[in-house]
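The structure under discussion appears below in the form of structure tokens.
Just so you know, all these numbers are worked out from the coordinates, no wet-lab data involved. Predicted, not measured: the structure shown is a model, and the values here were computed from it. With ideal geometry, Cβ positions are generated from the backbone for all residues, glycine too; neighbour counts draw on all protein chains shown.
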Amino acid sequence: MKESPDFETLFAKFRKDVAAVSVEETFPRLTILGSSSATPTKFRNMSGYFVELSDDFCFFVDCGEGTYGQLLALFGPQRTAELLIKLKFIFLSHGHQDHVIGIFDLVLERRKAFLAAEKTFTPLRVLAPTIVFPTMNMYDMSIEKMTDYFEATLTTRPRTQEETAGDLWDKDGVIDVGSYIPGFESWPVKQLRVVTVHHPRQAKALILETTDGKKLVFSGDTKPCNRLIAAGKDADLLVHEATFCDEFTRDAEKKSHSTMSQAVEVGEKMNAKMTLLTHFSARYKKVPLMPTYLDAKANVGIVMDNMVVRWSELPLIPRLIPLFRAIYSNEIDDVKTQLSKRNFKKMNSLVPNADPEQSPKIAKKAQRLV
Ligand SMILES: [Zn+2]
Ligand SMILES: [Zn+2]
């Protein structure tokens, strides 16, 4: 920070912004426990979002390996145990292991917390596609008993012949999953839906509407998805993956992920009041590239691990972008250098064949890279 000439000015401005925000509304409160995609970096863990709707109702969206450790590091053992007792459900968006493996610790530690506090144990509700349960059964059989400590609500169902004939389950890719949860009417949640999105391993997004009228959308992993845009219309908060920077459109397409500008566009089409970007590729070790078009958007922010955001503080997140640019300027320069090297390499491999007469297509491509 000291090396950055702009830091002090930017920080003073941010402090003013903070002072101007009233922090009356605490809930929902969002805690980011992992904002990296497939692999962790030294600074960011894999997917994990912890949401508190009130003092006694909280849930997780995804939990990559190490999510429990993140919780412990952030809140300490006492508070973590209290939070785990209040934990009502975990939503696992899909079967990729970087979104799932942390569940073993969470389920087992939650059980321990109940025992230590001498409270009557209630199994944890796990909302997940069928694809994740064989791993959990295997863990139960070969490592430690855990299947008694949770109850599953499937977000996908194996399609039997009778089901495909008469059942409307998942017909249009949106499931009102709340109506399948026993005791759902006592939750502070009006509606809980999952939406089939464009990503492998039975990927779903989550849409939760609170009883006091707030709409929260978590995309999970996906390419831009029109079904999600329609179902999430007018969301108060959209947490959307933005795995790749805009130079990697083709990689994003191939791996069924979104680029940053695609995620921003999804938020705009959805008319989301706030879009928070996350799930950045591990090539961006501390922060992703933050293009200048973000400066024109007052409602698009970048998340970092260990951020704890109260509801009324959400407008502050986009204002952190100039600070991130100043603090992480060296890292951003490194990523940009790597990008130039990559383009240079690509260009060199094309240039020897780039005679426009001989191969106009290659020549055009090489020209584009220049
Ligand atoms: Zn992922
Ligand atoms: Zn994935």
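Numbers at a glance
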| quantity | calculated |
| --- | --- |
| Distant-in-sequence amide H partners of residue 276 (H built 1.01 Å from N, under 5 Å) | 238, 239, 240, 301 |
| About the Cα centre, charge dipole magnitude for the range 1-61 (Lys/Arg +1, Asp/Glu -1 at Cβ), debye | 360 |
| The chain: relative contact order in percent, alpha carbon pairs under 8 Å with at least 6 residues between | 17 |
| Ordering of 70-81, 274-285 by burial proxy (mean other Cβ atoms within 10 Å per residue, highest first) | 274-285, 70-81 |
| Cβ-placed point charges (K, R +1; D, E -1), dipole of the range 261-311 about Cα centre in debye, nearest 20 | 140 |
| Pairs of Lys in the range 10-149 closer than 27 Å at Cα, counting only those 8 or more apart or on different chains | 8 |
| Cα-based Rg / Dmax (Å) for the chain | 22.1, 80 |
| Net charge contributed by nearby residues that have their C-beta within less than 15 Å of residue 123 (K/R +1, D/E -1) | +4 |
| Charge dipole (debye, nearest 20) of the range 28-109; +1 at Cβ of Lys and Arg, -1 at Cβ of Asp and Glu | 200 |
| Axial C-alpha extent at least 18 Å, average Kyte-Doolittle at least -0.5 - helices from the chain (DSSP) | 7-20, 103-116 |
| DSSP-loop GluC sites (Glu not before Pro) across the range 1-81, with at most 10 other Cβ within 10 angstrom | 3, 24 |
| 222 nm mean residue ellipticity, helices alone, for the chain (DSSP H n ≥ 4; -39,500 (n - 2.57); rounded to 500) | -10500 deg cm²/dmol |
| Which of 136, 101, 89, positive extreme of dipole for the chain (C-beta unit charges) | 101 |
| Sorted peptide list for 179-188, 144-153, 298-307, 85-94, criterion being average Cβ within 10 angstrom, highest first | 85-94, 298-307, 144-153, 179-188 |
